[in-house]
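Enquirer: Below is a structure I'd like to ask you about.
Each reported figure results from applying straightforward, stated rules to the coordinates on display, with no laboratory input. Just so it is clear, the model here is predicted, and its values are computed rather than measured. Heads up, the Cβs are rebuilt from the backbone with ideal geometry, glycines too, and the neighbour counts pull from every protein chain shown.
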Ligand SMILES: *Cc1c(COP(=O)(O)O)cnc(C)c1O
């Protein structure tokens with residue numbers, strides 16, 4: 001089945017008791033047992049819930065994976081992955097990564113004895129430098145947030161020499177990129193973003209093919225209990241039905257906005273993997289179906305106040321954290337999503353004070369460009 005067909009059909013079957021075409025919201029904590037241990041596969045909703053199950057199957061299908069697990073947030077999904085590691089284990093992670101992941105790794109993971117190395121994965125030799133017997137996980141983000149750097153997933157898998165590779169695929173969405181097909185062992189999503197797509201749900205997901213690791217993750221999902229509720233699972237099932245349509249529009253709008261900004265005299269650099277002179281454009285072309293609607297740019301005036309002033313002038317681009325919704329959003333990484341990363345560490349990966357990140361929505365692009373134009377003026 002091709003992507004659009006899977007988005008509409010995968011995981012979702014008409015409800016056998018009523019014929020309802022949409023999976024109902026099974027708002028229930030428990031399930032009746034006819035006799036002790038005699039049930040229909042559902043015992044308690046932390047362990048299994050039919051609405052969540054339909055969603056988990058849908059997301060797994062979109063990532064061409066066998067096992068899918070959904071959580072109360074993207075961070076809960078990542079935390080569950082960390083909990084399958086042991087004290088003394090080491091992780092090599094992309095250095096240009098989501099601020100919340102950096103915080104979870106350094107402030108929580110390290111407390112439990114896991115050691116993290118943050119490296120620039122555009123050069124996979126940086127992985128080899130840190131790889132040793134204790135390395136148990138390689139954590140990749142591509143495209144990276146907010147610099148839109150591209151990491152060559154196939155090259156990372158090769159450099160990992162058998163160590164598990166996990167990819168935070170939030171920025172790309174399953175429509176643009178399928179890391180399992182490129183050799184990765186696990187895909188993580190902040191479902192909050194493109195998969196949900198309507199800025200109304202916070203959720204996370206993991207997809208994988210490795211049955212032993214999947215079993216450990218299901219065990220942790222049930223033991224620690226960071227699950228998502230059935231109402232949210234329903235909303236995301238609904239969002240997924242238009243994922244392919246939204247991603248096409250996000251990509252078209254992102255392209256037009258990137259080209260507009262690039263020619264504007266007040267703009268310094270535009271970071272968007274679709275540009276032919278983007279450092280890893282060829283890899284982006286090879287591992288992604290299109291380049292998406294995420295982009296960042298710096299102003300020639302590199303003062304924090306200049307960026308703040310511009311952000312306040314936007315009318316359509318809404319100043320907010322998050323991304324991937326149908327409405328266009330703008331943000332200031334240095335003072336918002338990446339404020340928890342020390343300035344020195346932040347600037348090493350290019351997050352300057354006047355860097356602005358855009359999540360182009362699916363509005364008419366003429367209106368988006370007019371908004372940028374008036375604000376930059
Ligand atoms: C938002 C985000 C997360 C965290 O997900 P939540 O759903 O907010 O917990 C992780 N990684 C990336 C790339 C994100 O954008």
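Enquirer: What FRET efficiency comes out for the pair residue 129/residue 36, r = Cβ-Cβ distance, R0 = 56 Å, nearest 0.05?
Expert: It comes out at approximately 0.50.
Enquirer: Across segment 14-83, how large is the tail of the calculated P(r) beyond 13 Å, expressed as a percent of all Cα pairs?
Expert: Considering segment 14-83, 73 percent of its Cα-Cα pairs are separated by more than 13 Å.
Enquirer: Measure nothing fancy, just the Cα-based angle from helix 211-224's long axis to the longest principal axis of the chain, in degrees from 0 to 90, nearest 10.
Expert: Rounded to the nearest ten degrees, it is 90.
Enquirer: Let me ask another. Quick one: angle between helix 243-262 and the longest Cα principal axis of the chain, in degrees between 0 and 90, rounded to 10, please.
Expert: 10
Enquirer: Something else about it: Arrange the following residues from fewest to most other Cβ atoms within 10 Å of their Cβ: 218, 98.
Expert: 218, 98
Enquirer: Let me ask something else. Is the shape of segment 1-137 rounded, prolate or oblate, going by the alpha carbon gyration tensor and its root eigenvalues a ≥ b ≥ c, with a/c under 1.5 for rounded and a/b larger than b/c for prolate?
Expert: Cα axes put segment 1-137 in the prolate bin.
Enquirer: For the chain, take the longest principal axis of its alpha carbons; what is the angle in degrees between that and the long axis of helix 230-240, to the nearest 10 within 0 to 90?
Expert: 50
Enquirer: Can I ask one more? What ranking of 55, 376 emerges when the number of other C-beta atoms within 10 Å of each C-beta is taken as an exposure proxy, fewest first?
Expert: Exposure proxy ranking, most exposed first: 376, 55.
Enquirer: Normalised by the number of residues in segment 243-376, what is the relative contact order in percent for Cα pairs under 8 Å and 6+ residues apart?
Expert: 29
Enquirer: In whole Å, how far is the Cα centre of segment 191-226 from that of segment 18-89?
Expert: Between the Cα centres of segment 191-226 and segment 18-89 lies a distance of 8 Å.
Enquirer: I need 148, 316, 372 ordered by Cβ neighbour count within 10 Å, fewest first.
Expert: Fewest to most other Cβ atoms nearby, the residues stand as 316, 372, 148.
Enquirer: Now a separate question. Pairs of Cα atoms under 8 Å, at least six residues apart: use those to get the relative contact order of segment 1-90, whole percent.
Expert: About 25 percent, as a whole number.
Enquirer: Of the beta bridges DSSP finds with both residues in segment 117-260, what % are antiparallel, to the nearest 5?
Expert: For segment 117-260, the DSSP antiparallel bridge percentage is about 40.
Enquirer: Can you bin every Cα-Cα distance in segment 243-376 into 5 Å intervals starting at zero and give me the percent of pairs per bin, rounded to whole numbers?
Expert: 2, 11, 20, 24, 21, 15, 6, 1
Enquirer: Just order 162-175, 272-285 by mean Cβ neighbour count inside 10 Å, highest at the front, would you?
Expert: For the peptides 162-175, 272-285, the packing ranking is 162-175, 272-285.
Enquirer: Is the C-alpha gyration tensor of the chain telling us rounded, prolate or oblate? Criteria: a/c under 1.5 is rounded; beyond that, a/b larger than b/c is prolate, otherwise oblate.
Expert: It is oblate, given that a/c is not under 1.5 and a/b is not larger than b/c.
Enquirer: Quick check on the chain: of the DSSP beta bridges with both residues there, what percent are antiparallel, nearest 5%?
Expert: Around 55 percent of the beta bridges assigned by DSSP in the chain are antiparallel ones.
Enquirer: Could you sort 322-333, 4-15, 34-45 so that the peptide with the highest average Cβ count within 10 Å comes first and the rest follow in order?
Expert: With the highest mean Cβ count within 10 Å placed first, the list reads 322-333, 4-15, 34-45.
Enquirer: To continue, here is another question. Between 307, 233, 286, which gets the highest mean-square fluctuation from a Gaussian network model of the chain, Cα cutoff 10 Å?
Expert: Result for the chain, Cα springs under 10 Å: 286 fluctuates most.
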